[in-house]
Amino acid sequence: MKYLVFILCLVGCSDVAQDQNASPFLFTEVETVIAPTVCGAADPTQIIEVNGTGLGLFDYDNDGDLDLFVVNASDQPCRLYENISSGSIAFQDVTKEKGIDIKRWANGVAVGDVNGDGFEDLYVTCFGENVLLLNNEGDSFTDVTKQAGVGDDRWGTSAAFGDLDNDGDLDLYVCNYLQFDTQNPPPRAKYKGVSVLGGPHGLTPEKDIVYENIGGGVFRDVTESWQLDATAAFSLNVVILDVNDDGWQDVYVGNDSMANNLFLNQQKKETTFRDIATRSGAAANGDGSMQATMGIAVADIDNNGMPDFFTTNFSSDTNTLQLNDGTYFEDRTKLFGLGLLSRTLLGWSCGFHDFDLDGDEDLLVVNGHVYPEATLASMDSERAQPLLWMSRVGDRFRKVSTTLGEKNYRDRAAVFGDLDGDGDTDVIVAQRSGPVRVLRNDVVGRRPLVIHLEGQAMGARLKITLDDGSVVSRWNHSGGGFQSSAFTDPTFTFPLGRYPKKLEITWGDGDRQVVGNLPRKGDFTLLQKN
């Protein structure tokens, strides 16, 4: 069973302080047994050590809570942690018990049920052959890479699952970065007059690869036949979702220092895609500049029912917010206050979530520089950097403090979900070769409406009409977190006094369904109609 959580704000919403800096988000860092990530030397000397390691947040055993998969790029194994929370958040290492033995230069992870048995599987991207781990109904995991035919051996970064041909199963998009020769690494380069590790400029980018799920646990390479064979690029991230609300899954790819791609599904009998990024404005920022896209977050910022894209980028540049009007994407970064604050930061994973349950979505960006030499004096940016918490206040986002204080880290990955079952969104953040931090959300006073989706929930789009006629839209998309994946319980909040009247859902395979008379609280299960 796959499920989403909608948080219905019933009480206390009117007490949100006007001074956001005086009303910090309420988070506590929780001690756990989760081991630090490993990705090369403490001070990287080559680009292969820079990107760090991803996280996968999912319910591997279908027991109703969220477990954690941590990727490592070394001879230290990737690790699976079972959620054993009871009152407080706690995990235990079950890697060996579940038969997982991945010891290689792994980078990212995608979560998806590839064989339709109701249990989420794992696809691990690596420098070298990628790995598909089949979930044996929560009892163990089996490496089925060779049988499945998905062992691409280039430098894989992020990946995402989605039903790209609307046939009811999950296909797979894999980002590849660049050609790197460990025996002949690139020479050092200059950045702002400082000697730094070389790349990606001057190195050869790789093409991505796309696999069609043809059933029976087998995939085939359809990159060319589906016309997803764009010009090779330094690909770092991918999101699969329905961009134009036509019931078909599209693909948005974030590239490093090169134009991004937006592949629109052509809805034909023979599956094909067309890259409309340049024509639609999604390829670059409003100045026409190509950026170094790392993180991707999706939300309906302007409440027009279409998914907008927020991307994180390199320092001395800004993060970018592009609003989607159904045909074109327009850079509205400055308008929403998301530009200036990010110029000294180098952003990675990001996510829109209503952390304070006040009825709108806030934003978290994790940051950290790639160069050990980075300082404010030399590069206008420190190596270790703080989390950037942004609260939605009217038509702007404002930086806010949290009860965690402002500390600096070399962060890369983050995943979001309700770890302790109390209805709010907690956060797990991973540094590159450093501790994995579990941040418990301590917001109180709200009661949830939990909507369980049984069917093709991955890729689902939900429109909820409220009693005043306003509409709230969300997308249960795959991908977006930098080299990370979270198939979790997204939280949905509504302003005080407004209640859901109608739910319109487009499932991940294109089926549409309308449900009325939604409860105001408690659990509500929605079964996909055949």
Failed item, numbered, when residue 202 is tested on (1) in contact (Cβ under 8 Å) with a residue 24 or more places away in the chain; (2) part of a loop (DSSP other than H, G, I, E, B); (3) out of contact with any Leu (no Cβ under 7 Å at 6 or more places or on another chain); (4) within 23 Å of residue 293 (Cβ to Cβ)
(1)
Can you go through 125, 145, 157 and tell me which one is farther than 28 Å from residue 475 by Cβ and not small (Gly, Ala, Ser)?
145
Of all residues making up region 230-243, the number that are more than 20 Å from residue 487 (Cα to Cα), at pLDDT 95 or above and not hydroxyl-bearing (Ser, Thr, Tyr)
3
Could you check region 270-319 for strands (runs of 3 or more DSSP E) lying wholly inside it with 3 or more residues that are open to solvent by less than 10 Å² (accessible area, probe 1.4 Å) and touching a residue at least 24 places away in the same chain (Cβ under 8 Å)?
296-299, 308-311
What pairs come up if the first residue lies in region 508-524 and is more than 26 Å from residue 163 (Cβ to Cβ), the second is open to solvent by 30 Å² or more (accessible area, probe 1.4 Å) and part of a loop (DSSP other than H, G, I, E, B), and their beta carbons are under 9 Å apart, counting only those six or more places apart or on different chains?
520/10; 520/499; 521/10
Report the residue count in region 339-356 for those that are in a loop (DSSP other than H, G, I, E, B) and surrounded by fewer than 24 Cβ atoms within 10 Å (Cβ to Cβ).
4
Suppose we filter region 403-454 for residues that are at negative phi, of a type in the set (S, T, N, Q) and crowded, with 20+ Cβ neighbours inside 10 Å; how many remain?
3
Contact list, first residue from region 41-66 and open to solvent by 30 Å² or more (accessible area, probe 1.4 Å), second anywhere and not small (Gly, Ala, Ser), beta-carbon distance below 6 Å, six or more apart or interchain, is 43/372; 45/197; 46/185; 46/197; 65/83
Just checking, how many residues over region 180-234 are within 27 Å of the chain's Cα centre (by Cα) and open to solvent by 80 Å² or more (accessible area, probe 1.4 Å)?
8
Condition check for residue 468: open to solvent by less than 10 Å² (accessible area, probe 1.4 Å) and either within 30 Å of residue 93 (Cβ to Cβ) or touching a residue at least 12 places away in the same chain (Cβ under 8 Å) (or both):
no
Could you tell me which residue of region 357-368 is surrounded by the fewest Cβ atoms within 10 Å (Cβ to Cβ), considering only residues that are within 22 Å of residue 432 (Cβ to Cβ) and either at pLDDT below 95 or not hydrophobic (A, V, I, L, M, F, W, C) (or both)?
368
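The values are calculated or read from the model by the stated rules, or taken from the named source; none is laboratory data. Just so we're clear, the structure is a prediction, and the values are computed from it rather than from any experiment. When we count neighbours, we look across all protein chains shown, and the Cβ atoms used for this are built from the backbone with ideal geometry, even at glycine. Just the protein is used for accessible areas: all its heavy atoms, side chains included, with ligands, DNA and RNA removed. Shrake-Rupley method; radii C 1.70, N 1.55, O 1.52, S 1.80 Å.
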